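Visitor: What follows is a single structure, and I will ask about it in a moment.
The values are calculated or read from the model by the stated rules, or taken from the named source; none is laboratory data. Keep in mind that this is a model prediction, so the values were computed, not measured. Glycine also receives a Cβ, built like all others from the backbone with ideal geometry; neighbour counts cover every protein chain displayed. The area values use the complete protein model at the heavy-atom level, side chains included, leaving out ligands, DNA and RNA. Shrake-Rupley method; radii C 1.70, N 1.55, O 1.52, S 1.80 Å.
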2 protein chains.
Amino acid sequence: MNVDEIIKKLNLKFRNIEGERLILAITCDENKNVLMTAFMNEEALKETLKTGYMHYYSTSRKKLWKKGEESGNVQKLKRFYRDCDGDALLFIVEQKGVACHEGYYSCFHYKIEDGELKITEEYYSQSSK
Amino acid sequence: MNVDEIIKKLNLKFRNIEGERLILAITCDENKNVLMTAFMNEEALKETLKTGYMHYYSTSRKKLWKKGEESGNVQKLKRFYRDCDGDALLFIVEQKGVACHEGYYSCFHYKIEDGELKITEEYYSQSSK
């Protein structure tokens, strides 16, 4: 099955996000740690499926981007799932290096503690990195 | 710290989604299974923090909803994390019953197999329910 056929079968429900037709991508490692979330337009999904590496759509730069293109921290796609209403895909990837541009393994490294937003690695430290 | 102060500290970046100011919520169980993703406006986040139970914002019904209000499948909040750019929160919850309105534990129960979109429970079957 080619990429266009896969996308047709997925029957996605693109959302109006920042004026673009996008879906949500949630990206996890094999240990089920959520690494990041980002948006995808149809082109980003096509590139991801064609190349086997995660591509997203940047609403601020208004363009497609390959994760790790500059940092080398690419995400190799292993498999993915669609949710019930079709506006989100969950991707299981092999993460090279760290996922977050701030240098942390996961983008979800902030927590409110003692009245301040503090950096924590507790969320994903329970599983191997 | 009261709820308004917590929200201020979170320094969230609300997105323009379907014409509303929303953030993304990713909801997981203690075994790191992603149960669902949905949107939140500030009111939904406030109600979640005040009551300790997950509330979301429905873009189709254009209103706040408490997860499990009708089904009884409520989600008790344990803790949560913010991502690096502040447009997404990851909530760890205690899920009563199933998360998906289609009767599955997680909303991510679809996969392309043999050219068809098929229901699978493989994503979350590796961990205890």
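Visitor: Test of understanding: in a Gaussian network model of chain B with alpha carbons linked when under 10 Å, which of B:81, B:53, B:105 would top the mean-square fluctuation ranking?
Guide: For chain B, modelled as a Gaussian network with Cα springs under 10 Å, the answer is B:81.
Visitor: If you take the square roots of the eigenvalues of the alpha-carbon gyration tensor of the protein assembly as shown and sort them as a ≥ b ≥ c, do you get rounded (a/c under 1.5), prolate (a/b over b/c) or oblate?
Guide: Working: a/c = 1.39, a/b = 1.22, b/c = 1.14.
The shape class here is rounded.
Visitor: Further question: Please give the average number of partner chain Cβ atoms lying within 10 Å of the Cβ of each residue in B:15-28, rounded to a whole number. Don't skip to the end; give the middle numbers.
Guide: On the way: counts 4, 5, 7, 3, 2, 0, 0, 1, 0, 7, 1, 8, 0, 6.
Mean partner shielding for this stretch: 3.
Visitor: To the nearest 10 Å², what's residue A:87's accessible area with a 1.4 Å probe?
Guide: Surface accessible to solvent at residue A:87 totals approximately 10 Å².
Visitor: When you take every Cα atom in region A:3-101, what is the radius of gyration, and what is Dmax, the widest Cα pair distance, in Å?
Guide: My reading of the Cα-based Rg and Dmax gives 12.6, 34 Å.
Visitor: Can I ask one more? Can you show me the helix-derived [θ] at 222 nm for the protein assembly as shown, built from DSSP H runs with n ≥ 4 at -39,500 (n - 2.57) apiece and divided by the number of residues, rounded to the nearest 500. Could the numbers behind the result be given before it?
Guide: Numbers: 6 runs with 44 residues, N = 258.
After summing the helix terms and dividing by residue count, I get -4500 deg cm²/dmol.
Visitor: Considering only the other residues whose Cβ falls under 14 Å of the Cβ of residue B:107, what net charge follows from Lys and Arg at +1 and Asp and Glu at -1? Walk me through the numbers on the way to the answer.
Guide: Working: positive: A:13, A:82, B:67, B:111; negative: A:83, A:85, A:87, B:29, B:102, B:121.
Neighbour charge sum, excluding residue B:107 itself: -2.
Visitor: Further question on the same structure: For residue B:121 and residue B:11, what is the calculated FRET efficiency with R₀ set at 51 Å and r taken between the beta-carbons, to the nearest 0.05?
Guide: Efficiency for this residue pair is about 0.85.
Visitor: Further question on the same structure: List, shortest first and in nm to one decimal, how far the label point of residue A:62 (7 Å from Cα along Cα→Cβ) is from its counterparts in the other copies.
Guide: Those separations, rounded to one decimal, come out as 2.8 nm.
Visitor: Longer than 20 Å from Cα to Cα, which of A:63/B:63; A:32/B:111; A:32/A:63; A:111/B:50; A:13/B:50 are they? Say none if no pair is. Don't jump to the answer; show the numbers that get you there.
Guide: Working: A:63/B:63 31 Å; A:32/B:111 17 Å; A:32/A:63 28 Å; A:111/B:50 17 Å; A:13/B:50 32 Å.
Violating the 20 Å Cα-Cα cut-off are A:63/B:63; A:32/A:63; A:13/B:50.
Visitor: Please give the per residue accessible area of region A:3-101, computed with a probe of 1.4 Å over protein heavy atoms only, in Å².
Guide: Values: 4240 Å² over 99 residues.
So region A:3-101 comes to 43 Å² accessible per residue, rounded to a whole number.
Visitor: Counting protein heavy atoms only and a 1.4 angstrom probe, how many square angstrom of accessible surface do chains B and A bury in total, to the nearest 100? Intermediate results must be reported in sequence, preceding the final value.
Guide: Details: alone 7960 and 7940 Å², together 11800 Å².
Protein heavy atoms only, the B-A interface buries about 4100 Å².
Visitor: Round to a whole angstrom and tell me the spacing of the C-alpha centers of region A:21-61 and region B:45-88.
Guide: Region A:21-61 and region B:45-88 have Cα centres separated by 23 Å.
Visitor: Of B:51, B:37, B:27, which is the most mobile in a GNM of chain B whose springs link Cα atoms less than 10 angstrom apart?
Guide: Looking only at B:51, B:37, B:27, the largest GNM fluctuation is found for B:51.
Visitor: While we're here: Tabulate in residue order the Karplus-calculated ³J(HN,Hα) for region B:72-77, using 6.51 cos²θ - 1.76 cosθ + 1.60 with θ = phi - 60°, rounded to whole Hz; enter x for Gly and Pro.
Guide: Karplus values, whole Hz, x for Gly and Pro: x, 7, 6, 10, 8, 6.
Visitor: For chain A, modelled as a GNM with alpha-carbon contacts under 10 angstrom, which of A:30, A:102, A:47 fluctuates the most?
Guide: Looking only at A:30, A:102, A:47, the biggest GNM fluctuation is shown by A:102.
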